[in-house]
Structure formats: structure tokens, C-alpha cells
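Chemist: Below is one structure. I have some questions about it.
The values are calculated or read from the model by the stated rules, or taken from the named source; none is laboratory data. Because the structure is a prediction, the values reported are computed rather than measured. Cβ sites come from the backbone with ideal geometry, for glycine too, and all protein chains shown count toward neighbours. Side chains are part of the model used for accessible areas, which takes the heavy atoms of the whole protein and leaves out ligands, DNA and RNA. Shrake-Rupley method; radii C 1.70, N 1.55, O 1.52, S 1.80 Å.
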Amino acid sequence: MSKKIIITIDGWSSCGKSTLAKQLAKELHYTYIDSGAMYRAVTLYFLRHHIDWTDDAETKNALNDIHLHFGKNEKSAECEMFLNDENVEYLIRDLIIADKVSDIAAVAAVRTFAVAQQQKMGTHKAIVMDGRDIGTTVFPNAALKIFMTADIAVRVERRFKEMFEKNPNIVLRDVKANLEMRDYIDSNREVSPLKMANDAILLDNSKISMEQQLKFALQLVKKVVEE
Ligand code: DC
């Protein structure tokens with residue numbers, strides 16, 4: 001498929017957006033960009049430096065000191081998040097970050113900061129970016145927009161398994177509470193709330209396998225590219 005496009009994947013927390021985005025990027029030889037990792041890295045910086053994100057001037061000053069970039073992990077060949085040249089990929093997946101990231105991602109200055117960098121990454125197309133506002137705000141003209149959803153019980157189970165591997169003390173109830181809280185904040189914030197773009201295609205993967213979802217998405221890509 002020679003025509004290069006931008007593919008956006010938005011949706012609720014833990015419904016498999018990054019899994020599908022990575023699968024697609026691999027198949028198409030595109031770059032995968034995890035926009036949520038950028039909000040998580042900003043959150044890590046704010047927590048480490050005790051930044052009061054309700055204070056506009058303090059937030060803007062702090063953002064001036066943040067440099068984000070994605071770097072390739074040579075072993076896994078995956079792109080990982082760097083905060084001021086430190087690989088923070090592992091640290092940003094912690095529940096401490098998940099607990100605060102939606103509040104920080106709702107701050108207008110933080111969104112302006114992240115969205116500008118995300119838009120630059122799309123200059124040459126051939127990217128798959130996942131997040132919450134990619135099809136609505138970051139790339140409203142993207143050629144293919146997918147909006148993912150899955151039953152809450154399925155999403156909790158998936159996130160729990162993922163976190164349990166790192167931390168066996170994790171409690172299912174806490175994972176569920178965190179997902180519900182993030183869904184609420186992400187879809188109710190004033191700036192770029194999570195919502196399905198009018199021209200997005202809905203993909204509910206509660207009952208389908210990873211292979212089936214990839215097949216479905218590749219068919220969509222083929223249709224768009226051959227149009
Ligand atoms: O995709 P994720 O769970 O890593 O995202 C972490 C948080 O970042 C999520 O709760 C909402 C926020 N986010 C956002 O507001 N906009 C995006 N494009 C991506 C993530």
C-alpha cells in the first residue's frame with residue numbers, strides 16, 4: 001500500500017488501543033505514537049517537582065523545562081517515552097501516575113503543549129497515533145479514524161492482568177476505580193473531551209480476538225488507501 005495516511009485510534013482507557021495501533025504500525029511499516037505516554041510523562045515531571053497544575057503560570061513555567069521524545073528500544077524495537085532524555089517508559093505505567101494523569105491532561109496549557117508536538121509528528125504521515133482526541137483535535141482530517149470500545153469488565157480484567165505482572169499486590173477494585181475515574185474525567189473535561197469523531201468507525205473488541213481486530217482494521221486501511 002503505497003499511499004501513506006494518518007490513522008487515529010481513540011477510545012476508552014484499556015480497550016486495546018495501543019495493541020491495535022502497534023499491530024497496524026508493524027503491518028504497514030508506519031510509526032506508532034502513544035500520545036497518552038506524553039501526558040503520563042508530563043504527570044511524572046509534575047509529581048516529581050511538586051508542580052501545582054491548578055496554577056497557570058507555574059504550569060507554563062514547568063512545561064518550558066520539559067522535553068519529550070520517543071526513542072527506540074533496540075531489544076524490543078518499540079518506541080519508548082523519554083522525559084528530558086531519561087527513559088521513563090516503565091515509570092509512567094505505575095498506578096501513581098494513572099491516578100493523576102487525567103487531571104493533568106485536562107489542563108489547557110498541557111494539552112496545547114502536547115497537541116503541538118503530536119501534530120508535528122504527523123507531518124510526513126505514515127503514522128498510527130492512539131489517544132483520546134486524536135481524531136477530533138490533533139488530526140481532524142486524518143484519512144482513517146477508529147474509535148475503540150469494550151465492556152468495562154473486559155477492560156478492567158485486561159488492565160489488571162497487565163499491572164499484576166509488574167505488581168502482584170495490585171487490587172482489582174483499585175484498577176476498576178481508576179479506569180472509571182479516568183473515563184469520567186477524560187470524557188467530561190472542557191478541552192478536547194474524549195468523544196467519537198463523526199467520521200470515525202466504531203470498533204467494539206469485547207468479544208473479538210486480536211487477530212480479528214487487526215483484520216478488520218487492515219480492511220479499513222485498504223479501502224481508504226485504494227479510494
Ligand atoms: O492512553 P493512556 O491510558 O496511556 O492515557 C493516559 C491518560 O492521558 C488518559 O487517562 C487521558 C490522557 N490522554 C488524553 O487526554 N489525550 C490523549 N490524546 C491521550 C491520553
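Chemist: Considering each residue of the range 184-227, count those that are part of a helix (DSSP H, G or I) and away from the ligand (no atom under 16 Å from the Cβ), and give that number. Steps first, please.
Modeler: Filtering the range 184-227 down to residues part of a helix (DSSP H, G or I) leaves 184-188, 210-226.
Checking the rest, the ones that are also away from the ligand (no atom under 16 Å from the Cβ) come to 210-226.
Looking only at that region, the number is 17.
Chemist: Given the condition more than 18 Å from ILE7 (Cα to Cα), free of Cβ contacts under 8 Å to residues at least 60 places away in the same chain and not polar (S, T, N, Q), answer yes or no: does some residue in the range 188-203 qualify?
Modeler: Within the range 188-203, none of the residues are more than 18 Å from ILE7 (Cα to Cα), free of Cβ contacts under 8 Å to residues at least 60 places away in the same chain and not polar (S, T, N, Q).
Chemist: Of everything in the range 122-136 that's hydrophobic (A, V, I, L, M, F, W, C) and not in a strand (DSSP E or B), which residue is farthest from the ligand (Cβ to nearest atom)? So that I can check it myself, show each step before the final result.
Modeler: In the first step, residues of the range 122-136 are kept if they are hydrophobic (A, V, I, L, M, F, W, C); the result is 126-129, 134.
The next check asks that each one be not in a strand (DSSP E or B); those that pass are 126, 134.
Details: ALA126: 19, ILE134: 6 Å.
This residue is ALA126.
Chemist: Same structure again: Got a number for residues in the range 171-209 being touching a Ser or Thr at 6+ places or on another chain (Cβ under 6 Å) and open to solvent by 60 Å² or more (accessible area, probe 1.4 Å)?
Modeler: 1
Chemist: Collect the residues in the range 79-98 that are part of a strand (DSSP E or B) and modelled with pLDDT under 95, keeping them in residue-number order. If you could, list the steps in order and put the result at the bottom.
Modeler: Looking only at the range 79-98, we keep the residues that are part of a strand (DSSP E or B), and these are 79-83, 86-87.
Within the range 79-98, CYS79 is the sole residue that qualifies.
Chemist: Test each condition in (1) of a type in the set (Asp, Glu); (2) within 12 Å of the ligand (Cβ to nearest atom); (3) under 27 Å from ILE201 (Cα atoms) for ASP94 and report the one that comes out false.
Modeler: If we test ASP94 against (1) of a type in the set (Asp, Glu); (2) within 12 Å of the ligand (Cβ to nearest atom); (3) under 27 Å from ILE201 (Cα atoms), just (3) comes out false.
Chemist: Tell me yes or no: at least one residue of the range 14-30 is within 19 Å of MET81 (Cα to Cα), open to solvent by 20 Å² or more (accessible area, probe 1.4 Å) and within 10 Å of the ligand (Cβ to nearest atom).
Modeler: Yes, some residue in the range 14-30 is within 19 Å of MET81 (Cα to Cα), open to solvent by 20 Å² or more (accessible area, probe 1.4 Å) and within 10 Å of the ligand (Cβ to nearest atom).
Chemist: Please work out if PHE139 is over 17 Å from SER187 (Cβ atoms), of a type in the set (Phe, Trp, Tyr) and within 13 Å of the ligand (Cβ to nearest atom). Don't jump to the end; show me each part of the working.
Modeler: On the way: over 17 Å from SER187 (Cβ atoms): yes; of a type in the set (Phe, Trp, Tyr): yes; within 13 Å of the ligand (Cβ to nearest atom): yes.
Against the criterion (over 17 Å from SER187 (Cβ atoms), of a type in the set (Phe, Trp, Tyr) and within 13 Å of the ligand (Cβ to nearest atom)), PHE139 qualifies.
Okay, residues lined up against (1) at pLDDT below 95; (2) assigned to a helix (DSSP H, G or I); (3) near the ligand (Cβ under 10 Å from one of its atoms); (4) in contact with a Ser or Thr (Cβ under 6 Å, 6 or more places away or on another chain):
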{"position": "HIS69", "(1), (2), (3), (4)": "no, no, no, no"}
{"position": "LYS100", "(1), (2), (3), (4)": "no, yes, yes, yes"}
{"position": "ASP103", "(1), (2), (3), (4)": "no, yes, yes, no"}
{"position": "ALA114", "(1), (2), (3), (4)": "no, yes, yes, no"}
{"position": "GLN117", "(1), (2), (3), (4)": "no, yes, no, no"}
{"position": "LYS120", "(1), (2), (3), (4)": "no, yes, no, no"}
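Chemist: Now for a different question. Just the residues that are of a type in the set (S, T, N, Q) and under 17 Å from the mean Cα position of the chain (by Cα), please, taken from the range 189-203. Even if it seems obvious, please write down each step before you answer.
Modeler: Of the range 189-203, the ones of a type in the set (S, T, N, Q) are 192, 198.
Result: SER192, single match.
Chemist: Scan (1) in a loop (DSSP other than H, G, I, E, B); (2) under 26 Å from LYS166 (Cβ atoms); (3) open to solvent by 30 Å² or more (accessible area, probe 1.4 Å) for the single condition ILE51 breaks and write down its number.
Modeler: Going through the list (1) in a loop (DSSP other than H, G, I, E, B); (2) under 26 Å from LYS166 (Cβ atoms); (3) open to solvent by 30 Å² or more (accessible area, probe 1.4 Å), ILE51 breaks only (3).
Chemist: Name every residue in the range 137-170 that is surrounded by 14 or more Cβ atoms within 10 Å (Cβ to Cβ) and in a helix (DSSP H, G or I), in order of residue number.
Modeler: THR137, VAL138, ILE152, VAL154, ARG155, VAL156, GLU157, ARG158, ARG159, PHE160, MET163, PHE164
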